[in-house]
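Here's the structure we're looking at; comments come further down.
The values are calculated or read from the model by the stated rules, or taken from the named source; none is laboratory data. Since we're looking at a predicted model, the values are computed, not measured. Glycine also receives a Cβ, built like all others from the backbone with ideal geometry; neighbour counts cover every protein chain displayed.
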Amino acid sequence: MKVRIVIKGMLLILLLAPVIALGEEGEPESGAEEQTGTIVVSIEALRNCDGYVRVELWASEDGFPRDQEKAFRRVMSVIEGESVQFVFDDLTFGEYAVSALHDENEDGEMNMNLFGPKEGYCISNGVRGSILSGAPGFDDASFILEDEELMLPMDMGY
C-alpha cells in the first residue's frame with residue numbers, strides 16, 4: 001500500500017513539474033534574462049563637417065522628437081567625413097525610434113527660419129515633419145528591435 005502511495009505521489013510530481021517550471025500561462029521563470037541587442041545608426045549625406053551630429057534614441061512617445069531631455073539615450077559626435085556612426089548597445093528587445101540633428105553652429109538647438117529648419121535633421125523610417133503638420137509622431141518613426149544587431153542607415157535632410 002505504501003508503495004502505491006509513493007508511486008502516485010511521484011507521478012503527480014512528474015505531471016506537475018512542467019507547470020511549476022513554466023509558471024502560469026506557460027511563461028518562463030521570473031529569473032530569465034531579457035533578450036538584448038544593438039542598434040547601429042549610420043547618418044549619411046551630411047552637407048559639411050561643421051558642428052556636430054546629435055542622435056537621440058527614443059523608447060516611448062513621451063517628448064518625441066523635440067524634448068531631447070526625455071530621450072532614452074543621447075549621443076553626439078564631431079563630423080570627420082560624409083557620414084557618422086553611432087552604436088546603441090545592450091538594448092532590451094522592443095520598440096524604438098531615432099532622431100538626429102546636424103547642429104552646424106553648435107548651439108544645441110534646431111535653428112528655424114520662416115520656411116522651417118535651417119539645419120539638417122533626420123528621423124527613423126525616413127519620416128519628415130512639415131510646417132502644416134508639425135513634427136512626425138513616434139508611431140510613424142518607430143521600429144522593432146528583435147535581433148542581436150539592427151543596422152539603421154539614415155540620410156540627413158536639409
**OP:** Kindly indicate the residue of the range 130-158 that is outside any loop (DSSP other than H, G, I, E, B) and in contact with a Phe, Trp or Tyr (Cβ under 6 Å, 6 or more places away or on another chain) and also farthest from Thr92 (Cα to Cα) among those meeting that condition.
**Re:** Phe138
**OP:** Go through the range 106-128 residue by residue and tally those that are under 18 Å from Arg54 (Cα atoms) and outside any strand (DSSP E or B).
**Re:** 13
Original post:
Looking at this structure, is Asp147 more than 21 Å from Val40 (Cα to Cα) and at pLDDT 95 or above?
Top reply: no
**OP:** Given the conditions (1) surrounded by fewer than 17 Cβ atoms within 10 Å (Cβ to Cβ); (2) aliphatic (A, V, I, L, M); (3) without any contact (Cβ under 8 Å) to a residue 60 or more places away in the chain, report the number of the one that Met151 does not fulfil.
**Re:** (3)
**OP:** Could you list, in sequence order, all residues of the range 104-125 that are crowded, with 20+ Cβ neighbours inside 10 Å and touching a residue at least 40 places away in the same chain (Cβ under 8 Å)?
**Re:** Glu104, Gly120, Cys122, Ile123
**OP:** Taking Gly129 as the residue in question, decide whether it is closer than 21 Å to Ala59 by Cβ and at pLDDT below 95.
**Re:** yes
Subject >> Residue list for the range 61-96, filter: touching a strand residue (DSSP E or B) at 6+ places or on another chain (Cβ under 8 Å), within 15 Å of Asp155 (Cα to Cα) and of a type in the set (Gly, Ala, Ser) >> reply: Ser83
